[in-house]
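In what follows, a structure is listed as C-alpha cells, so that the remarks can point back to it.
Just so it is clear, none of the values below were taken in a lab; they were calculated from the coordinates. What you are looking at is a predicted structure, and each value in this text was computed from that prediction instead of being measured. In this analysis, Cβ positions are derived from the backbone assuming ideal geometry, glycine residues included, and neighbour counts consider all displayed protein chains.
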Amino acid sequence: MTEQSQHRLAEPLLAQLSGRFSQEELDRVRHAFEVADRWHEGQWRKSGDRYITHPLAVAEAAATMGLDCTIVCAALLHDVLEDTDCDPGLLRAEFGEEVVQLVEQHTALRDGAAVPDDDRVITLKLLDRLHNMRTIEYLDTGKQLSRSRQTLELFVPQARRLRLPLVADELQELARHRIEVLAGEGGGEMTATLCALRLGSFLLPAAARLRYLEEWAAELRTPADRRSRRRFAWQLISGLPRLSLMLHRRQWDNRYTQIVPRAAASRLASSGRKGAPLGPRVGGPAVGTTGTADRVDSDADSPGKRGQRRSHRDHPATGARRSRQMAPRPSRHYAPSR
C-alpha cells in the first residue's frame, strides 16, 4: 500500500477530528494510524479487508462519541501488542504511558482478566465489539452464536452502566438479529419451534425469558439430524411447566427470606417487647400458654408415652383432681347466708 493511499484511508477520520482537535493532536492521530498500518501489514480479516480497517473503524466510532486524542490513538493501536510482535516499549516511547496502559489493559481484558477500574478501557472494548458485531457474518456459526450471546449478557449491560445508550441499543439489535438469522437458517420447522417456545416463555418470570430463549435458539442448532432436533424441541416444550414452577418458586423463596425477618421485627415492635422469643422456649412454656399445657404437649410427643395418651375424661381420679384444682377458693370475707 502506497503512502498516498494510506493518507486517503485515514482522511475521513482526520476530517472528523479536525473541528475539535489541535494540529498537534491531529499529527499524533495520523502517526498512530501509520504505526498501526505498518505493524498490521499483511494481515487480513475474515471479510477479505485489510486488517487496518478494523482499528480504523474503532477509532472513527471513538471520534463520533467525542472521545479525546488519547482514546482515539489507543483505538488505532488496540490490537498491535496482541496480534503483532511490536514491543510495548516502542509504543511507550512514541505515544506515552497513558496510551500504552489503555492498550495493555484492553489486551488483558480479552485474555479473561478482571474488569478494570478504568472505564475508558471498557469503552474501548465496547467499540471494538461493536465493529466486530457489524461484520460477524464472516465468522463460523459457532462463534457467531457464542459472541452474540456474550454480547447480550456482558457487553450490553456494561454499555448501559456507562450510559452509552446508542452503543447498547446497536449491540443488542445486532446480537438478537444474528441469533434470529441463525435460527431461521434451520428451516421452517425450527422457526415454528422457536415461535412455540417464545409463546411458552410467557410462563417464565419476565427477567428470565430472554436468557432462556437465546439458549434455546443456540441449542436447537446443536443436533445434526431432524429427528434429534424434534426430540430435543419436544423435551423443551414439555418441560416448560416444570421450569416455570421452579423459577417462580425460587423467586418466592427469595422474597420469603426477606419478608419473614421484617414481619418478625414488626410483630415484636407492635407487642412492645424487644428480643422476645417467637416460639416455645426450651424447658419452659410457650408465650401465651400455661406450663401445664406445655407439659401435656411434650408428654404426648415423647416416644415413651405416645401409646399411653388418654383424655382426662377416662380417668375419674384425674378429672376429680382437676375439678378440685379448678374450683374457686372462697374469699376470706365471704360469709355464707344462713
Name the residue from 103, 43, 93 whose Cα lies farthest towards the positive end of the charge dipole of the stretch 1-130, charges +1 on Cβ of Lys and Arg and -1 on Cβ of Asp and Glu. 43
Counting other Cβ atoms within 10 Å, which chymotrypsin sites (Phe, Trp or Tyr not before Pro) in the stretch 21-59 have at most 14 and lie in a DSSP loop? none
For the stretch 1-111 the mean separation of alpha carbon contacts under 8 Å (6+ apart) over residue count, i.e. relative contact order in percent, is 23 percent
I need 31, 131 ordered by Cβ neighbour count within 10 Å, fewest first. 31, 131
For 100, 72, what's the fewest-to-most ordering of other Cβ within 10 Å of each Cβ? 100, 72
Output the relative contact order of the stretch 63-138, whole-number percent, from Cα pairs under 8 angstrom with separation of 6+ residues. 28 percent
Residues 73, 195 in order from fewest to most other beta-carbon atoms within 10 Å are 195, 73
Taking K and R as +1 and D and E as -1, what net charge do the other residues with C-beta under 10 Å from the C-beta of residue 51 add up to? -3
